[in-house]
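Here's the structure, in C-alpha cells; my notes come after.
The values are calculated or read from the model by the stated rules, or taken from the named source; none is laboratory data. Please read these numbers as outputs of a predicted model, since none were measured by experiment. All Cβ positions, even for glycine, are placed from backbone atoms using ideal geometry, and neighbour counts span all protein chains on display. The accessibility values were calculated without ligands, DNA or RNA, using every heavy atom of the protein model including side chains. Shrake-Rupley method; radii C 1.70, N 1.55, O 1.52, S 1.80 Å.
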Amino acid sequence: MTGDKPYKDGCAFTGDKYWPIAEAKIPILDWGFLRSDANQDTVSVWNGMFFRLEDHLDRFLKNNEKLRFSISQNRQTIRQILFELVRRCGFQNAYVQMLVTRGRPPIGSRDLRLCENRFHAFCLPYIWLAPEEIRNRGLNAHISNIQRIPSKSVDPTIKHYHWLDFQMGLFEAYDAGTETVILTDSQGNIAEGPGFNVFMAKDGVLFTPSSGVLEGMTRRTVFELCEMEGFECHETTISPKTLHSADEVFLSSTAGGLVPVTRLDNVPVSSGSVGKMTLQLNQSYWNKRLEGWHGTPVDDEN
Ligand code: PLP
C-alpha cells in the first residue's frame, strides 16, 4: 500500500501521526462521527500557495471556541501540520481540511465535558465543485424546498457536517435531471448549497443571501473582487423567483472559485450562457491567486 510514494493520493494527520490517506482512521465511537459533533475548515493550495490561510485559521479557531472544543494544538502547531501535509504530498494544487471531533467520554458516561476533543487534518489533490466541461458551460441547478438546517438549530457560520439536507437535496436534483442543489430557508428564500454560497447578477449589480449561510471565504473574496472591479454587490434576501429572473448566477467555493450556473431547474438563466460579470470575476480570482494574492507559499519556513 505505502510503496515508495506513500502520500501520492493524499496524507492525513490523526492520532498525532501522519498517514497515507487510505490508512487514516478515526475511532468508531468518536461523537464527531456518531453525532456530527465536529468543526472543520478547508483551505486550498494553488500553484504552491495556501489561499487566505490566516483567515481560515481565524474562522476555524473561532468556531472551535463556539463549540467549546479544546485541543492541545495551538495555531502555530496547526499551521505546521498543514504545511507538513502538503509537503509530504508534494501537490502544487491541494484541498486541505482541518477538523476537530468531540471524541467521547469514558464508556458508561454521557458527559460531554469528559470528552477528549481530537484534532485531525488531511490533504488531497485539489477538488473541483464540478468537472471542467461543466464549469465551462455552467451548471444546471435545482432549487429545492428542502429547508437548510435553520440558524436557530445550528449556527450556519460554523463549518459543520450537518449535511443530510444537502445530501437528500442532491438526490432530488439528480431525479430532476439537474446537477446540483440550492436549498431554501424557512421563508422559502435562497440559502446555500452543498459546499457553496450563491450569487446572482441583475442589471449589473450583484446580490447574495445575507443570512442563514456560511460566511464563505470565497464569498468574502468575491466582495473584495467586486470592489476592485468596480461592481456593486449587496447582501440581501433572494426568492427563487428573483433567482430565476437573474441575468447571471454563480456559486462561490474553495472547491472551484466562482462556478457559473446557466440553468435553474432545466430552464436557462437569461440567454443560458456564462455571464460576463461571472467570467470577469472568475478570471480575476484565478489571475490574482497566481500572482500570490492572499497567498502563503507552502515552502515558506513558518
Ligand atoms: N456553504 C457551505 C455550507 C459550505 O460547506 C461551503 C464550503 O464548504 C461554503 C458555503 C463555501 O465556503 P468557502 O468559500 O469558505 O469554501
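Here are some notes:
- Remark: accessible surface ordering of Ile71, Ile78, Ile107 (largest first) is Ile107, Ile71, Ile78, probe radius 1.4 Å.
- From its DSSP helices (H runs of at least four residues, each -39,500 (n - 2.57)), the chain gives a residue-normalised ellipticity at 222 nm of -8500 deg cm²/dmol.
- 24 Å tail of the calculated P(r), the chain, as % of Cα pairs: 55 percent
- Each other residue within a Cβ distance under 10 Å of Phe199 adds +1 if Lys or Arg and -1 if Asp or Glu, for a net charge of 0.
- Rounded percent of accessible protein surface that carbon and sulfur make up, the chain, 1.4 Å probe: 50 percent
- For region 11-125: rounded, prolate or oblate by the Cα gyration tensor [a/c cutoff 1.5]: prolate
- Using θ = phi - 60° and Karplus 6.51 cos²θ - 1.76 cosθ + 1.60, couplings along region 146-156 (whole Hz; Gly, Pro as x): 4, 8, 4, 3, x, 4, 6, 8, 9, 4, x
- Environment charge at Arg148 (Cβ cut-off 11 Å; Lys +1, Arg +1, Asp -1, Glu -1): -3
- Dipole magnitude for the chain: computed about the Cα centre from +1 point charges on Lys and Arg Cβ and -1 point charges on Asp and Glu Cβ, it is near 740 debye.
- Site-free segments of the chain were taken between GluC sites (Glu not before Pro) in DSSP loops having at most 16 other Cβ atoms within 10 Å, sites themselves excluded; the longest one is 1-115.
- Label-point gap, in nm, between Glu133 and Asp58 - each point 7 angstrom along Cα→Cβ: 4.1 nm
- Rounded to 10°, Cα long-axis angle of helix 164-175 versus longest principal axis of the chain: 50 degrees
- For region 271-283, 3J(HN,Hα) computed residue by residue from phi via the Karplus equation (6.51, -1.76, 1.60; θ = phi - 60°) reads 7, x, 10, 5, x, 5, 5, 4, 4, 5, 5, 5, 4 Hz, glycine and proline entered as x.
- Region 1-56, relative contact order in percent, only Cα pairs under 8 angstrom and at least six apart counted: 17 percent
- Accessible area, probe 1.4 Å, largest first, for residues Lys288, Lys66: Lys66, Lys288
- Given charges at Cβ of Lys, Arg, Asp, Glu: region 201-245 dipole, positive-most of Leu214, Phe231, Gly204: Leu214
- Taking the chain as the region of interest, the number of lysine pairs whose Cα atoms are within less than 29 Å, with members eight or more places apart or on different chains, is 26.
- With each label modelled as a point 7 angstrom along the Cα→C-beta vector, the Glu23-Glu172 pair spans 4.3 nm.
- Using only side-chain charges placed at the Cβ, +1 for Lys and Arg and -1 for Asp and Glu, the dipole size of region 85-223 relative to its Cα centre rounds to 680 debye.
- Tyr126 versus Thr157: modelled label distance in nm, points set 7 Å from Cα along the beta carbon direction: 3.0 nm
- Entry note, the chain: relative contact order of 19 percent, from Cα contacts under 8 Å with a spacing of 6+ residues.
- Length-normalised contact order of region 132-290 in % [C-alpha pairs under 8 Å, at least 6 apart]: 26 percent
- Neighbourhood charge, 14 Å Cβ-Cβ cut-off, centred on Leu170 and excluding it, Lys, Arg +1 and Asp, Glu -1: -4
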